[in-house]
Amino acid sequence: MGVTAMLAQVIAICIFLGMFLLIILDQFERHIITLVSGALVLILVFGVCMHSPAAIWEALNLRSFFTASFWYGAGEESTAGINWSTILFIAGMMIMVEGLGKAGFFRWLCLSLAKLVHYHVVPLLICFMCLSAVLSMFIDSITVVLFLATVTLELAQTMKFDPVPMILSEIFCANLGGAATMCGDPPNIIIGTSLGYTFFDFIENTGAIVAVCFAAVAVYFWLCFRKELLREERANGGPVVCPEPSSAITDRRAFGASAAVFLLAVVLLVTHAQTGLTVACIGVIVAALTLLVMALSHGRATVLEVIRGVDYKTLLFFIGLFVSVCGLEKTGVLEIIARFITNISGGHVATIVVIILWLSAVTSAFVDNIPFAATMIPVIRSIAAVEGMDVGVLAWALSLGTDLGGNATPIGASANVVGTSVSAKGGYPIGWGRYCKYCVPATILVMAVSTVCLFLRYL
């Protein structure tokens, strides 16, 4: 290896580690950190060291917009660089969620559940856990936790119970449900679009394992919080009635149309392998229909509010991240990491799977799981090529590790930060001690279940 090539590797590693450190320290906004890192990779690594305009062009990956396979075609496998499929899909789902929120969909759903269980707190705990898991299969877990935690606080004021147990279980189940599908959590979106997997591929693999994990977690949280919630309910003289679900609906036509767009999004995602529509195309369709519904029902002002409600910082974060990871891939650093994991595992498939699963989980408990997942995808692709094994097994281990491991600490996933922040703002702060007391054992439980399931099914 030449001196220039080694220098490119060293600079790419330093830029990436610096980016990771700054994300952990949380002193600057994440999107600024990754965009600066991406710019440094383009200038210093690809420009100064490699003298390769082609590498810069491949990292930006703008040509993908002008290929038919980006919009239509069953095989969606991205090359190195910015994964625009992921960007467009997340943006489209964000717009849809904003529209659902404007129509009162989430509040109506929560009030309907409360009424369904006759305002008894313990059944409501189980219902909210199920709702959190199911919604997170189709909607970003951050949004799910934001709405559920807010409504939980409102219900807690009316029904006179401590909302913290319910919020903790909602956070955990949101991350758990997100692991079940390709569109549930950002790491899965990246894994699916990068390796060409479909909605059904995730349902059949991670979804089946998540279902077993959810059953175990539901029993766990029921045992943890049942007595406490029952004691509070009895102290209040029994269940307290909440507002009617219909009070959440301000415009029935907009509500019905928004719900229809949501159902269409689910159908398109479930059938996209059969229809050939890519997730990028689905994201654009869903966004366009949502904006059309908002324009017809509420007018131009609401459309602008929905567009402004999109989390553009997250989208910019992804763009910078993809370029930074591309620097590691183009310089051969990720191939070195893949060989290292293969060597320490002795080439045993089972050991490789366990290393990726638990390494992902432990790492995701303390740092953002999105950059870790994006970094590991080319690594597992290299390992699969070297060992001649199915990359799918490694992909499912990576997905489960990153999504479930993030539950262990209040900073392990973005949904955790959002949920604890909403709770604190409502007058119920959740410290590290109380969070970890319940969520660390639950995380170990689901990771153990996942390990057993992976061994029984694939190894």
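The values are calculated or read from the model by the stated rules, or taken from the named source; none is laboratory data. No experiment lies behind these values; they were computed from the predicted model shown. We place every Cβ from the backbone using ideal geometry, glycine too, and count neighbours over all the protein chains shown. Remember, those area values only see protein heavy atoms, side chains included, never the ligands or the DNA or RNA. Shrake-Rupley method; radii C 1.70, N 1.55, O 1.52, S 1.80 Å.
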Considering the stretch 182-210 alone, what residues qualify as being surrounded by 24 or more Cβ atoms within 10 Å (Cβ to Cβ), modelled with pLDDT of 90 or more and not hydrophobic (A, V, I, L, M, F, W, C)? THR206
Complete set of residues in the stretch 65-121 that are of a type in the set (Val, Ile, Thr), modelled with pLDDT under 85 and surrounded by 19 or more Cβ atoms within 10 Å (Cβ to Cβ): THR86, ILE90, VAL97
For the stretch 355-376, state whether one or more residues are open to solvent by less than 10 Å² (accessible area, probe 1.4 Å) and not in a helix (DSSP H, G or I). yes
Residue under evaluation VAL440, criteria (1) assigned to a helix (DSSP H, G or I); (2) touching a helix residue (DSSP H, G or I) at 6+ places or on another chain (Cβ under 6 Å); (3) open to solvent by less than 40 Å² (accessible area, probe 1.4 Å), criterion not met: (3)
Please state which one of ILE344, ILE307 is β-branched (Val, Ile, Thr), modelled with pLDDT of 80 or more, farther than 12 Å from ILE383 by Cβ and surrounded by fewer than 18 Cβ atoms within 10 Å (Cβ to Cβ). ILE307
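Quick check: anything in the stretch 13-29 among the small types (Gly, Ala, Ser) and surrounded by 21 or more Cβ atoms within 10 Å (Cβ to Cβ)?
Taking every residue of the stretch 13-29 in turn, none turns out to be among the small types (Gly, Ala, Ser) and surrounded by 21 or more Cβ atoms within 10 Å (Cβ to Cβ).
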Is there a residue being in contact (Cβ under 8 Å) with a residue 24 or more places away in the chain, part of a loop (DSSP other than H, G, I, E, B) and open to solvent by less than 40 Å² (accessible area, probe 1.4 Å) anywhere in the stretch 417-425? no
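Does LEU291 fit the bill of being more than 25 Å from TYR197 (Cα to Cα) and either open to solvent by less than 20 Å² (accessible area, probe 1.4 Å) or touching a residue at least 60 places away in the same chain (Cβ under 8 Å) (or both)?
Details: more than 25 Å from TYR197 (Cα to Cα): yes; either open to solvent by less than 20 Å² (accessible area, probe 1.4 Å) or touching a residue at least 60 places away in the same chain (Cβ under 8 Å) (or both): yes.
Considered against the rule, which asks whether it is more than 25 Å from TYR197 (Cα to Cα) and either open to solvent by less than 20 Å² (accessible area, probe 1.4 Å) or touching a residue at least 60 places away in the same chain (Cβ under 8 Å) (or both), LEU291 comes out as yes.
Going by the structure shown, is VAL219 of a type in the set (Val, Ile, Thr), exposed (fewer than 15 other Cβ atoms within 10 Å of the Cβ) and part of a helix (DSSP H, G or I)?
Values: of a type in the set (Val, Ile, Thr): yes; exposed (fewer than 15 other Cβ atoms within 10 Å of the Cβ): yes; part of a helix (DSSP H, G or I): yes.
The answer is yes for VAL219.
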Here the residues within the stretch 129-142 that are open to solvent by 30 Å² or more (accessible area, probe 1.4 Å) and either touching a helix residue (DSSP H, G or I) at 6+ places or on another chain (Cβ under 7 Å) or assigned to a loop (DSSP other than H, G, I, E, B) (or both) are VAL134, MET137, PHE138, ASP140, ILE142
Tell me which of these GLU154 doesn't satisfy, since it passes every other one: (1) open to solvent by 10 Å² or more (accessible area, probe 1.4 Å); (2) more than 15 Å from TYR428 (Cα to Cα); (3) of a type outside the set (S, T, N, Q). (2)
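Inside the stretch 246-319, counting only helices (runs of 4 or more DSSP H) that do not spill past its ends, which hold 3 or more residues that are within 28 Å of LEU116 (Cβ to Cβ)? Before the answer, list the steps.
Numbers: elements: 252-270, 272-275, 279-297, 300-308.
Because the criterion is at least 3 residues that are within 28 Å of LEU116 (Cβ to Cβ), the helices (runs of 4 or more DSSP H) in the stretch 246-319 that meet it are 252-270, 279-297.
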Quick test of your reading of the structure: PHE455 fulfils all but one of (1) open to solvent by 30 Å² or more (accessible area, probe 1.4 Å); (2) within 21 Å of the chain's Cα centre (by Cα). Name the failing condition by number. (2)
Testing ALA395 on (1) modelled with pLDDT of 85 or more; (2) in a helix (DSSP H, G or I); (3) open to solvent by 10 Å² or more (accessible area, probe 1.4 Å), one condition comes back false. Which one is that? (3)
LEU400 being assigned to a helix (DSSP H, G or I) and more than 22 Å from GLU170 (Cβ to Cβ): no
Return yes when THR152 is modelled with pLDDT of 85 or more, among the polar types (S, T, N, Q) and not in a helix (DSSP H, G or I) and no when it is not. no
